[in-house]
Amino acid sequence: MQATKRALLIACGLAATAALPLSASADTPAWPTKPIRLLVGFPGGSTPDIAARTIAEPLSRALGQPVVVDNKAGASGNIAADQVAKATDDHTLGIVINGNLTSSKMLYPKLPYDPAKDFTYLSLIATAPLVLVAQNSLPSGTAFFDAARQAGDKWNYGSVGVGSVGHLGMELLKSRVNGFKPEHVPYQGNPQVITGMLGDQVQMGLIPPGVAMPQIRAGKLKAVGLTGGRSALVPEIPPLADAGVKDFNLEVWVALLGPATLSKTAQARISREIEIVMKDPDVRRKLFEQGWQAVGTSPDGMRTRVKEEAAIMSKIIATRGIKIQ
């Protein structure tokens with residue numbers, strides 16, 4: 001009889017242990033224990049905001065807690081990034097863009113956070129190539145660059161501001177194409193860059209396909225090429241390599257991270273769940289419709305990507321003497 005009781009007690013203990021959440025054990029507390037705050041350094045309706053809201057709902061279902069998107073726009077996303085870096089509640093994450101991790105340290109001497117030390121890298125979320133967009137009256141392919149060389153610095157290009165991917169990307173392109181010398185004109189956003197092209201204020205710009213394609217497909221602007229190989233996002237647009245531009249691969253991307261102090265429990269749980277979320281067909285479809293290619297990477301994969309791009313951007317910032325005024 002005593003043996004039978006002992007067997008029942010052991011069985012009940014095993015059952016109770018099996019019923020614990022995957023994130024919990026006798027030594028490890030469950031996580032999350034309250035809503036997750038997902039900081040985005042750009043306004044509602046921006047491309048980083050749209051990407052954040054696309055993953056927030058499925059991630060909330062997976063974690064069993066609300067994932068609340070909190071827009072803290074300003075300083076090209078650096079205000080929100082700094083708040084993530086300084087968060088201590090173990091329930092604050094952030095969505096950032098390339099520049100916050102690859103070029104801000106070079107551009108802002110007093111940047112309040114260190115991109116290499118103050119974050120826990122979690123995963124790239126989505127990427128997109130840039131489209132070199134030009135006025136519709138200009139030629140295509142190699143003829144475009146021939147005309148640009150003849151124009152010299154009389155042609156202008158627009159971007160969303162000094163140090164943006166569109167700005168640094170164009171300066172990188174200038175270093176790849178001999179005699180290509182358009183001058184920079186900063187704008188508040190890509191819609192304003194497009195308006196500038198339509199109004200004959202600038203001749204070109206590097207713009208994400210989600211913003212550029214409506215005008216291109218309407219025949220109001222022209223796509224010269226993509227910054228990289230062919231993309232399923234815009235299969236009709238050839239890569240700039242077809243126009244003779246070599247070694248020019250550049251994408252915009254958004255990534256998920258947390259503060260350096262993020263607990264190991266949180267890191268493990270988020271890494272596991274975000275991998276599943278990024279494989280969800282509905283999530284991938286929604287991102288694709290918004291002009292993003294869903295990615296999903298390991299933390300190490302994200303760190304490698306950041307390191308490689310930071311080296312490229314640091315070089316172009318230094319050689320071109322680019323500074324934030």
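Selection over the stretch 289-301 of residues that are more than 14 Å from the chain's Cα centre (by Cα) and either hydrophobic (A, V, I, L, M, F, W, C) or open to solvent by 80 Å² or more (accessible area, probe 1.4 Å) (or both) gives a count of 2.
Does any residue of the stretch 280-291 turn out to be in contact (Cβ under 8 Å) with a residue 24 or more places away in the chain, of a type in the set (S, T, N, Q) and farther than 21 Å from PHE119 by Cβ? Yes, that holds for at least one residue. Taking the stretch 77-99 as the range and being in a helix (DSSP H, G or I), modelled with pLDDT of 95 or more and either open to solvent by less than 10 Å² (accessible area, probe 1.4 Å) or among the aromatic types (Phe, Trp, Tyr) (or both) as the test, the residues that pass are ALA80, ALA81, VAL84.
Checking each residue in the stretch 261-309 for being of a type in the set (Ser, Thr, Tyr), outside any helix (DSSP H, G or I) and more than 17 Å from TRP31 (Cβ to Cβ) picks out THR297, SER298. Checking each residue in the stretch 246-265 for being touching a strand residue (DSSP E or B) at 6+ places or on another chain (Cβ under 7 Å) and either within 27 Å of GLN290 (Cα to Cα) or of a type in the set (A, V, I, L, M, F, W, C) (or both) picks out GLU251, VAL252, TRP253, VAL254, ALA255, LEU256, LEU257, GLY258, ALA260, LEU262.
In the stretch 302-325, of all residues being under 17 Å from the mean Cα position of the chain (by Cα) and open to solvent by less than 30 Å² (accessible area, probe 1.4 Å), the one that is nearest to LEU59 (Cα to Cα) corresponds to MET302.
Among the candidates GLY64, GLY74, GLY45, the residue that is surrounded by fewer than 19 Cβ atoms within 10 Å (Cβ to Cβ), free of Cβ contacts under 8 Å to residues at least 12 places away in the same chain and at positive phi is uniquely GLY45.
Pairing residues of the stretch 201-224 that are closer than 19 Å to THR142 by Cα with residues that are open to solvent by 20 Å² or more (accessible area, probe 1.4 Å) and β-branched (Val, Ile, Thr), at Cβ distances under 8 Å and at least 6 apart in sequence or on separate chains, gives LEU206/VAL165; LYS222/ILE216; ALA223/ILE216.
Criterion applied to ASN136, ASN98 was being in contact with a helix residue (DSSP H, G or I) (Cβ under 7 Å, 6 or more places away or on another chain) and within 20 Å of PRO208 (Cβ to Cβ), and the one residue passing it is ASN98.
Being of a type in the set (A, V, I, L, M, F, W, C), over 29 Å from ILE312 (Cα atoms) and surrounded by fewer than 19 Cβ atoms within 10 Å (Cβ to Cβ) is the filter here, so list the residues in the stretch 240-275 that pass it. Result: ALA268, single match.
The values are calculated or read from the model by the stated rules, or taken from the named source; none is laboratory data. The structure presented is a predicted model; accordingly, all values stated were derived computationally and were not measured. No Cβ is skipped: glycine too gets one built from the backbone with ideal geometry, and neighbour counts run over all protein chains shown. Note: accessible area is taken over every heavy atom of the protein model, side chains too, but ligands, DNA and RNA are not part of it. Shrake-Rupley method; radii C 1.70, N 1.55, O 1.52, S 1.80 Å.
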